[in-house]
Amino acid sequence: DVVKTQMQTNPAKFDNPLTATKIVYEEGGVGGFFAGWQPTFIGFFVYGGIVYTCSEFFRRLYTDQLGNLAVNYELLIVLASSFTAAFIATLPLVISETLRVRSVAQPDYGSNIVDVAQRMIREEGISTLFSALPVFLLKEVPFTVTKFTIFTFFTDYLYDTFPTAREDIQLSLLVSLAGGTLGGIGAAIISNPADATISA
């Protein structure tokens with residue numbers, strides 16, 4: 001992520017992944033690859049907690065609201081619940097990722113996440129922390145919707161194909177691993193165009 005951010009924010013200096021990796025290492029050692037880790041850790045910790053909790057909450061809520069009709073609208077329920085969850089979870093994530101990008105792109109901007117946040121707010125106003133929200137919504141909402149949709153339907157397909165997997169913990173873990181892997185690949189592909197613009 002550090003290499004990608006450097007390439008997006010300073011393409012003249014970091015013109016390709018190999019050169020960027022070399023320069024990051026030469027200028028910061030191994031620690032250079034961990035620039036901005038604090039906001040990344042906090043942001044995705046909070047994002048993960050919110051998105052998984054809200055996705056399950058809204059899935060149950062929408063299912064209950066539809067009652068007996070819910071069985072006919074499983075795809076729409078998954079799409080709607082993951083969309084709602086991603087929208088809510090992106091709000092705190094955009095703050096942490098804005099701080100991360102600034103920390104990586106301008107290493108001397110502040111000594112830690114609090115310094116970076118205080119200086120940005122003081123110099124640019126609090127709205128600067130949300131300035132990338134539209135792009136983050138274009139990245140995170142499709143990412144999350146794709147991830148949950150593929151995971152749900154692929155694991156359902158595997159359980160229908162191999163019913164014994166429901167009773168066997170090892171097979172069940174393999175089903176979840178396969179669904180998560182496929183969901184992650186699809187989500188990465190669908191969100192990449194917006195991801196490419198985040199640091200730009």
Net charge near ARG100, counting Lys/Arg +1 and Asp/Glu -1 over other residues with Cβ under 12 Å of its Cβ? 0
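Probe radius 1.4 Å, ligands and nucleic acids ignored: give me the carbon and sulfur share of the accessible area of the chain as a rounded percent.
On the way: 7620 of 11430 Å².
Roughly 67 percent of what the probe reaches on the chain is carbon or sulfur.
Roughly how many Å² is the accessible area per residue of the chain, as a whole number, for a 1.4 Å probe?
Numbers: 11430 Å² over 200 residues.
Accessible area per residue, the chain: 57 Å².
Dipole size in debye (nearest 20) for the chain around its Cα centre, Lys and Arg Cβ +1, Asp and Glu Cβ -1? Could you put the intermediate results ahead of the total?
Details: 12 positive and 18 negative charges, 54 e Å.
Its charge dipole is roughly 260 debye.
Which value in Å is the Kirkwood Rh of the chain over different Cα pairs? Mind showing how you got there, number by number?
Numbers: mean 1/r = 0.0532 Å⁻¹.
Taking the inverse mean of 1/r over all distinct Cα pairs, the chain comes out at 18.8 Å.
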Within straight-line cross-link reach of LYS4, lysines at Cα separation under 17 Å, skipping those fewer than 8 residues along the same chain: LYS13, LYS22, LYS139
Please determine, in degrees from 0 to 90 and to the nearest 10, the orientation of helix 17-28 with respect to the longest principal axis defined by the Cα atoms of the chain, where the helix direction is its Cα long axis. 60 degrees
For LYS147, counting only aspartates and glutamates whose alpha-carbon sits under 16 Å away and dropping same-chain residues fewer than eight positions off, the answer is GLU56, GLU74, ASP156, ASP195
Can you tell me the 0 to 90 degree angle between the C-alpha axis of helix 133-161 and the longest principal axis of the chain, rounded to 10? 30 degrees
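Hey, what did the chain get for relative contact order, percent, Cα under 8 Å, at least 6 apart?
On the way: 235 pairs, mean separation 43.7, N = 200.
Result for the chain is 22 percent.
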Please check: in the Gaussian network model of the chain (C-alpha springs, under 10 Å), which one of ALA105, ALA165, ALA117 has the largest mean-square fluctuation. ALA165
Between the helical axis of 169-198 and the dominant principal axis of the chain, each derived from Cα atoms, what acute angle in degrees is found, rounded to the nearest 10? 40 degrees
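The values are calculated or read from the model by the stated rules, or taken from the named source; none is laboratory data. As the structure is a computational prediction, the values presented were derived from the model and not from experiment. Cβ sites come from the backbone with ideal geometry, for glycine too, and all protein chains shown count toward neighbours. We work out accessible area using only protein heavy atoms, side chains counted, and drop any ligands, DNA or RNA first. Shrake-Rupley method; radii C 1.70, N 1.55, O 1.52, S 1.80 Å.
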